[in-house]
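No value in this document is a laboratory result; all are computed from the given coordinates. Quick caveat: nothing in here was measured; it's all calculated off a predicted structure. Neighbour counts are summed over all protein chains in view; Cβ atoms, including those assigned to glycine, are modelled from backbone coordinates with ideal geometry.
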Amino acid sequence: MKRANSRFIIGLSSVSLCILLIFILWAFTQARGISNSACSPLYSNSPVAGNYPFVANSGTVVNTNAYSYLIINLSRIHAGDKFYFVPSVECNLKDVKSLEKIEVTWMTHNVTSEGVALSLRIHIPFSTSNVNMSVIVSQRMIPTGVASVGNQGSYIYIQPEIYSQDEVKLYIYIGPYSMGPAPF
Amino acid sequence: LLSLFHVYSQPLPAGFSAYQIQVGFNTISNSAQNSQLYVQYNEWWYRGQYQDSGCLTNLNYCGKLSDEAVLMQGEISATANWCEDTFGINDPNGPSMVVNGRLSNPGKTDIVTNSPSYISPGTFTVSVGVGLNDAGVSGSYSVPNVQEELSQVMPYTSFQFKQALNTGPGCNGGQSAYYWDFAQGLESIASSSPWPRDTFTHFGDTTGHFWCVGVLVCDSGRYAVEAGFYFTFQGTG
């Protein structure tokens, strides 16, 4: 009887030990899972929504952050042209939690001795806001416009760069205040 | 009733000449709450040898006008059920305007002038005409209380300038509008061209902190709207 009890206790201990090991393993994998999914930006590899004759290319540069862009052919775009764009979105933002479409209106551009002077307007439906920007951009001057989106620390960044003699690369992305310019 | 004509694009502030220099103008505006809240940030940038010092009276700037100068100006306005916030420079949400200067190459580009560096608190009335060479916004604004604070990390690497334009008790019916201006002279190691040798980035922005006087019709009691620029001068190496 005593031996049977001992076997029962040993068996019970083994089962308990197995359950404990399984629990530790589960907790470990859960912890790893949380760590792996901590923070990844949302982005599309084709952020331009629709087909436009003036868009030469588009994509997203991803390092730690994501920076969506498109390349605009200046000889093909005209004042008043519009296009839809899905900017990349950094994680952990309170105002923007998913990819959202914005409307960009090309107001004008002129080639001057200082560089390319261009103006554009961005309508952001999900925050019922509008951003207007007018800048001069050249190989040596890169302006990055920053505007708040919503009321809880999210910002849209707009950064035009000279890409070639007849093309401008336009970054548009959404992130926190500290995100800063896209990589040059 | 306040009526505003926002500065959108102007070629040069008065006092600047395009002779043997690089000069330009960037502007960004941001409107929210169905355009009831509006902020605008403008910057004139300048690079080259114009004169060692001078005043741009319409920007309230006196200081260095050679090498780089970044002249910043902003505007905030509220209409309908909104007013500018009233907690002053220590507003827990932030004051009316903040310029945060961050220069990316400490020791190679220096801040040599901030102007104005201080304005005594008090009644602040501004009237600026509109013309192609004017730097100000149109309108006339009486603000019963102005508070300003400039803090700069020496030597030269960063600064923060805050300005609180407070409506006070006069904004019971909503609608308010103000402008601010601030200018800065920078100096970097020269190169053979009219460009700095080393790349650097300058940042400035303006923020409107607003409060709603019609609680039942506004989405939120307080709202912040912000706009600004990082501006990178690529060095010649």
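Assuming 0.36 nm per residue, please report the length gained on full extension of the stretch residue A:76 to residue A:101 beyond their Cα-Cα distance.
Computed gain between residue A:76 and residue A:101 is 6.7 nm.
Amide H to amide H under 5 Å from residue A:167: which residues, 5+ apart in sequence or cross-chain, H placed 1.01 Å off N in plane?
It is A:74, by chain and number.
In nanometres, what is the gap between the two model label sites at residue A:57 and residue A:179, each 7 Å from Cα along Cα-to-Cβ?
It is 2.2 nm.
Please find the FRET efficiency linking residue B:35 to residue B:160, where r is the Cβ-Cβ separation and R0 is fixed at 30 Å, and quote it to the nearest 0.05.
0.55
Determine which residues of segment A:74-111 fall in the zone a paramagnetic label at residue A:166 would reach in this model, i.e. backbone nitrogen under 13 Å from the point 7 Å along Cα→Cβ.
Residues A:74-77 fall inside that zone.
Taking 0.36 nm per intervening residue step and subtracting the Cα-Cα distance, what contour gain separates residue A:152 from residue A:121 on full extension?
8.9 nm
Counting other Cβ atoms within 10 Å, which trypsin sites (Lys or Arg not before Pro) in segment A:79-116 have at most 12 and lie in a DSSP loop?
A:94, A:97
Once R0 is set to 22 Å, what does the formula 1/(1 + (r/R0)^6) return for the Cβ-Cβ distance between residue B:236 and residue A:113, expressed as a FRET efficiency to the nearest 0.05?
Step by step, r from the Cβ atoms, then E = 0.75.
When only Cα pairs under 8 Å and 6 or more residues apart are kept, what is the percent relative contact order across segment A:33-178?
21
Tell me the net charge near residue A:154. Cut-off is 15 Å between Cβ atoms, residue A:154 excluded, with +1 for each Lys or Arg and -1 for each Asp or Glu.
Net charge around residue A:154: -3.
At residue B:62 and residue A:64, where each label point lies 7 Å from the Cα along Cα→Cβ, what is the point-to-point distance in nanometres?
4.4
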